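This report concerns only the one structure given below.
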Amino acid sequence: MKLKKNCHNKSKFIVLEGIEGSGKTEMSRYLKKILKKKNIKKIISVRQPGSTIISEKLRSILKTEVKNEKIYNKTEILLFYASRIQLLKNKIFPYLKKGYWVISDRHNLSTIAYQTVYKKNNKKIIKILSNILIKNMDPDLTIYFDTLPIIGLNRISTRKNIDRIEKRSINFFLKVRKNYIKEIKKISKKIIINASLDKEYVKKTLKKKIIFWLKKNEK
Ligand code: T5A
């Protein structure tokens, strides 16, 4: 992250990525705990889409199926960006400027991984939009929780409300994972964890890799 925005070297923007049921929400809480133990006190957690009043409203539109009207692919992209900008302007930028560490459950990589499944061409639109709208907002660290869709979806299958996106076929999530695997290779500041394995393994690995990353970034 090269913020003019963030002339405060102490703040960091950490993004968690992965498919449904990869454990991002749970591991985001655990990550906060690890950071606090390392004496990092100023931390906020956000989720995308969401985490501001308007972004949460957009989240609800994005997650809800409406009878007799489908959300078009391009509408979906624009709504994700609308929600992202609200969050960046209202929370992420201001908190980074105050020296906070921001942990975000999903960011731009989600749009690339999900919104290009149905139309590969969308990648061009996403590239243009992210260049215009969120330039210089690359995370300081992306943690990718790689999970087999059959395992991730099984973990969330007991939930009462399965939303519009979660209802998609396993084939959709196989393609999302394929996109993630392809795209994460292009990112240099990253940690990859095999999150198909049990929680204790994921926690232990996250802790080990984060502590290593913290040490590397102390200098
Ligand atoms: N989306 C989002 C896009 O399409 N484009 C975008 O640009 C953006 C930003 C967001 C939806 O929007 C889409 C992606 C999503 O479909 P969401 O509800 O925020 O919706 O969805 P997720 O982020 O996927 O949240 P989930 O809760 O479904 O998944 P998590 O957060 O990865 O998983 P978590 O932590 O809730 O864990 C799920 C269950 O698994 C258990 C947990 O205890 C929990 O019960 N668990 C494990 N069990 C066994 N072993 C492990 N290793 C486990 N890790 C967690």
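For this structure, a couple of remarks:
- Number of the condition not met by R159 [criteria: (1) loosely packed, with under 13 Cβ neighbours inside 10 Å; (2) part of a loop (DSSP other than H, G, I, E, B); (3) more than 9 Å from the ligand (Cβ to nearest atom)]: (3)
- Flag if Y95 is near the ligand (Cβ under 10 Å from one of its atoms), touching a residue at least 40 places away in the same chain (Cβ under 8 Å) and of a type in the set (S, T, Y): no
- When the stretch 61-79 is limited to residues that are open to solvent by less than 70 Å² (accessible area, probe 1.4 Å) and part of a helix (DSSP H, G or I), the one that is farthest from the ligand (Cβ to nearest atom) turns out to be T75.
- Consider the stretch 15-60 and keep the residues that are assigned to a helix (DSSP H, G or I), open to solvent by less than 50 Å² (accessible area, probe 1.4 Å) and near the ligand (Cβ under 8 Å from one of its atoms). The one that is nearest to N179 (Cα to Cα) is K24.
- Residue list for the stretch 138-156, restricted to those being closer than 23 Å to K204 by Cβ, open to solvent by 70 Å² or more (accessible area, probe 1.4 Å) and either under 17 Å from the mean Cα position of the chain (by Cα) or of a type in the set (A, V, I, L, M) (or both): L148
- Qualifying positions in the stretch 80-103 - in contact with a Lys or Arg (Cβ under 7 Å, 6 or more places away or on another chain) and surrounded by 21 or more Cβ atoms within 10 Å (Cβ to Cβ): S83, L96, Y100, W101, I103
- Residues of the stretch 185-219 classified as surrounded by 17 or more Cβ atoms within 10 Å (Cβ to Cβ), under 21 Å from Y114 (Cα atoms) and more than 10 Å from the ligand (Cβ to nearest atom), total: 3
- Looking only at residues of the stretch 130-156 that are part of a loop (DSSP other than H, G, I, E, B) and in contact with a Phe, Trp or Tyr (Cβ under 7 Å, 6 or more places away or on another chain), we find that the one that is farthest from the ligand (Cβ to nearest atom) is D140.
- Of all residues in the stretch 34-75 being hydroxyl-bearing (S, T, Y) and touching a residue at least 12 places away in the same chain (Cβ under 8 Å), the one that is nearest to E17 (Cα to Cα): S45
- Among the residues of the stretch 115-137, those that are open to solvent by 100 Å² or more (accessible area, probe 1.4 Å), within 19 Å of Q48 (Cβ to Cβ) and of a type outside the set (V, I, T) comprise K127, K135.
- For the stretch 51-65, the set of residues classified as among the polar types (S, T, N, Q) and over 19 Å from H107 (Cβ atoms) consists of S60, T64, listed by residue number.
The values are calculated or read from the model by the stated rules, or taken from the named source; none is laboratory data. Worth saying up front: this structure is predicted, and the values here are computed from it rather than measured. Reconstructed Cβ throughout: ideal geometry from the backbone, glycine too, with neighbour counts over all protein chains shown. We work out accessible area using only protein heavy atoms, side chains counted, and drop any ligands, DNA or RNA first. Shrake-Rupley method; radii C 1.70, N 1.55, O 1.52, S 1.80 Å.
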